[in-house]
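Working notes for the structure below.
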Amino acid sequence: MKPVVIKVGGGTLAGGALEDLPDLLSAGHRIALVHGGGHQLTSMLDALGIPTRFHAGLRVTDEEALEVAEIVLAGGVNKALARGLDALGVRAAGISGTDGPTLLVEPVSDLGRVG
């Protein structure tokens, strides 16, 4: 059985969208969750006075925004998701795409430090 990759938005825990995961896992599915967190990132950038820019509806991430993104996404959102999964009885460990060669990407033009 191939692994299942599920993309969840930053507000998914509050909406209960992960409640089916225990059943999927008990059926033998291997699952990797990939999360967002754009609203949390924008809120933190606003709080720090760092402008948020978009190009064609996609976030442009410069060096300053990248540092904040790593703190918010790998720190706050990722760990909250792992705790939420634990509360559902799903063993989870949060990692970042920058941990070792977890993800290999190519730059996306016009979006700064986005791959």
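For the reader, a short list of remarks on this structure follows.
Conditions tested, residue by residue: (1) free of Cβ contacts under 8 Å to residues at least 60 places away in the same chain; (2) buried (at least 16 other Cβ atoms within 10 Å of the Cβ); (3) aromatic (Phe, Trp, Tyr); (4) touching a Cys at 6+ places or on another chain (Cβ under 6 Å).
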{"residue": "VAL5", "(1), (2), (3), (4)": "yes, no, no, no"}
{"residue": "LEU24", "(1), (2), (3), (4)": "yes, no, no, no"}
{"residue": "ASP46", "(1), (2), (3), (4)": "yes, no, no, no"}
{"residue": "THR61", "(1), (2), (3), (4)": "yes, yes, no, no"}
{"residue": "ILE71", "(1), (2), (3), (4)": "yes, no, no, no"}
{"residue": "ALA80", "(1), (2), (3), (4)": "no, yes, no, no"}
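- Among residues of the range 53-65, those that are under 19 Å from VAL77 (Cα atoms) and either of a type in the set (A, V, I, L, M, F, W, C) or touching a strand residue (DSSP E or B) at 6+ places or on another chain (Cβ under 7 Å) (or both), counted: 2
- Within the range 62-115, the set of residues being over 21 Å from LEU24 (Cα atoms), among the small types (Gly, Ala, Ser) and in contact with an Asp or Glu (Cβ under 8 Å, 6 or more places away or on another chain) comprises SER96, GLY112, GLY115.
- Residues located in the range 57-71, provided they are assigned to a strand (DSSP E or B) and either among the acidic types (Asp, Glu) or under 16 Å from the mean Cα position of the chain (by Cα) (or both): LEU58, ARG59, THR61
Read-outs throughout are calculated quantities, based only on the coordinates presented, and are distinct from any laboratory measurement. What you see is a predicted model, and the numbers here were worked out from it, not measured in a lab. Counting neighbours? That spans all protein chains shown, and the Cβs are built from the backbone with ideal geometry, glycine included.
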